[in-house]
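The values are calculated or read from the model by the stated rules, or taken from the named source; none is laboratory data. Treat the numbers as computed from the prediction; the structure is a model and nothing was measured. Cβ atoms come from the backbone with ideal geometry, glycine included; neighbour counts cover every protein chain shown.
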Amino acid sequence: MDAVVNMKLPTRTTAKEERDPFKQLEALIKEMQEAAGPPHRRSCFDSLFRSSAFGSFGLDDRHAEVYLSILDGLAPDDGPPPPRSRAEVDKAIAKCILSSVTPQANSRSSFEERIKQSIAELKKALRSKLREWEIWRVVERIRVPAEGFRFGKALFCAQSHESARCVSVRIERTIKRNRRLMRSVASSKVWPTSVDQYPLCRIVVSAADVDAALRVAEFELETTLDALNFFASLLYSSDRLPALRSRRGNSVDHEMCFWFERCSTAWGSHTIPPSYREAFDPADVSQDKDVEAAFKTASALLNGSGSELRSRFLSAIKWAGKGSATENRENAFLFYAIALETLLLDQQHQEQLAYRLRLRVAHLLGSRALSRSKIRDRVRQLYNVRSKIVHSGRTEVPQADFDGLRVITQSCIIRLLSDPAFADLSSEADIENWFEDMIISGQGNREA
């Protein structure tokens with residue numbers, strides 16, 4: 001049955017109900033039932049959802065906004081990707097509405113009963129058990145041992161690794177069982193010949209559907225590669241930095257540059273070759289005990305441990321990793337500044353950010369009053385550079401300033417992740433108190 005519904009905005013609700021998407025949904029369903037009438041012309045801003053079992057309903061632009069508010073509450077599209085894709089949640093909400101306002105043949109349930117049952121089924125669907133997925137990607141600029149290399153949730157291995165061979169055989173068997181698909185595959189080889197020399201990365205994620213699994217795995221891989229890039233930046237010079245990345249197919253390695261002189265026939269061209277990049281060897285991390293300790297802590301954080309502080313520290317490492325792999329110096333400077341702020345400042349307290357940042361860096365890295373004063377003044381000067389880039393569009397950062405911020409950010413991250421006291425910090429309040437105690441007691445870097 002197809003129907004079009006014209007309705008009023010939901011009646012006023014309490015602030016708590018407005019924040020509860022299920023309360024919003026219940027109010028919306030009741031408004032739809034009350035306002036149901038003959039079909040009418042819909043505006044060009046209509047949102048339409050349908051189900052083969054229940055028909056379809058059109059929402060005008062005002063009520064589509066209410067519907068999207070419910071969808072945002074149940075499937076927010078900000079932050080890390082959720083384990084259920086927005087499209088799947090969208091379909092579940094639409095089914096809930098349609099099953100509530102459209103009585104089934106021979107059904108004796110009342111409208112209120114249908115609403116209650118439909119919302120209960122929606123909640124059950126959103127709490128259903130997640131499935132495990134293996135996502136495989138080709139990566140480059142990392143050297144993996146024969147037994148493979150684990151970092152966080154990721155397994156890096158060669159295509160000859162047992163895990164890679166197993167999934168290859170499984171895919172080939174699936175292809176052979178599907179004759180139609182087999183005819184469209186040029187070769188039974190699973191991994192394309194063009195990426196034979198590259199390592200593979202496997203990430204196991206839990207998700208309700210394949211779209212969500214792919215998004216979650218992409219987020220995990222990006223975070224993992226950013227973290228590896230951060231640690232690589234500690235071990236290699238900037239002109240030989242590996243800059244790990246996932247390989248997305250063929251790309252142009254050389255940039256072409258053409259020039260012409262106006263009012264003349266003179267012209268020329270040249271190519272800009274790519275920067276030389278090392279292949280990151282995880283075994284090199286053991287060269288420094290503090291870096292090795294921080295590396296293990298980062299791997300544990302990526303693997304899911306670390307309570308409230310996990311996202312804070314991973315975010316700082318991720319931004320620092322982006323700064324290390326970005327060739328544009330101004331962008332890299334900002335990435336390092338964001339990493340330092342994320343690491344040392346509680347985002348819930350925005351007062352005197354620059355002042356608190358200077359004090360915390362000085363006490364984290366300085367061992368004496370004089371060295372802390374120098375570090376504090378240096379951070380103030382570097383923060384002024386950051387402000388000029390953000391607020392006045394300054395596009396040139398001196399190499400000395402860039403190197404200064406890079407070293408300070410790297411040192412703060414390694415200092416925190418390698419400190420044994422880090423294991424005792426489990427909440428934002430813990431680390432805020434740790435910083436305050438450090439400043440009050442006058443403690444500084446144990447080895448500065």
Subset of segment 78-115 (residues that are free of Cβ contacts under 8 Å to residues at least 24 places away in the same chain, acidic (Asp, Glu) and surrounded by 15 or more Cβ atoms within 10 Å (Cβ to Cβ)): none
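Is at least one residue of segment 400-410 within 19 Å of residue 322 (Cβ to Cβ), in contact with an Asp or Glu (Cβ under 8 Å, 6 or more places away or on another chain) and surrounded by 16 or more Cβ atoms within 10 Å (Cβ to Cβ)? I'd like the intermediate steps shown before the answer.
First pass over segment 400-410, keeping only residues within 19 Å of residue 322 (Cβ to Cβ): 401-410.
This time we only want the ones that are in contact with an Asp or Glu (Cβ under 8 Å, 6 or more places away or on another chain), so: none.
Within segment 400-410, not a single residue is within 19 Å of residue 322 (Cβ to Cβ), in contact with an Asp or Glu (Cβ under 8 Å, 6 or more places away or on another chain) and surrounded by 16 or more Cβ atoms within 10 Å (Cβ to Cβ).
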Out of all the residues in segment 81-118, which are in a helix (DSSP H, G or I) and under 30 Å from residue 222 (Cβ atoms)? 86, 87, 88, 89, 90, 91, 92, 93
Hey, among 251, 264, 269, which residue is farther than 30 Å from residue 173 by Cβ, modelled with pLDDT under 90, polar (S, T, N, Q) and in a strand (DSSP E or B)? 269
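Just checking: which of the helices (runs of 4 or more DSSP H) contained wholly in segment 342-434 hold 2 or more residues that are without any contact (Cβ under 8 Å) to a residue 60 or more places away in the chain and within 15 Å of residue 316 (Cα to Cα)? So that I can check it myself, show each step before the final result.
Details: elements: 353-365, 369-392, 399-418.
Ranges flagged: 353-365, 399-418.
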Given (1) of a type in the set (Asp, Glu); (2) loosely packed, with under 14 Cβ neighbours inside 10 Å; (3) at pLDDT 80 or above, residue 351 misses just (3)
Can you list residue pairs whose Cβ atoms sit under 8 Å apart, with the first residue in segment 119-132 being in contact (Cβ under 8 Å) with a residue 24 or more places away in the chain and the second being in a loop (DSSP other than H, G, I, E, B)? Count only pairs 6 or more apart in sequence or on different chains. 126/84; 128/208; 130/83; 130/208; 131/208
Residue hits (segment 357-377; surrounded by fewer than 18 Cβ atoms within 10 Å (Cβ to Cβ) and basic (Lys, Arg)) are 368, 374
Is one or more of the residues making up segment 128-140 of a type in the set (Lys, Arg), in contact with a Leu (Cβ under 8 Å, 6 or more places away or on another chain) and assigned to a strand (DSSP E or B)? yes
Are there any pairs, at least 6 apart or on different chains, whose C-beta atoms fall under 6 Å, with the first in segment 288-314 and at pLDDT below 90 and the second in a helix (DSSP H, G or I) and of a type outside the set (D, E, K, R), and if so, which? 310/301
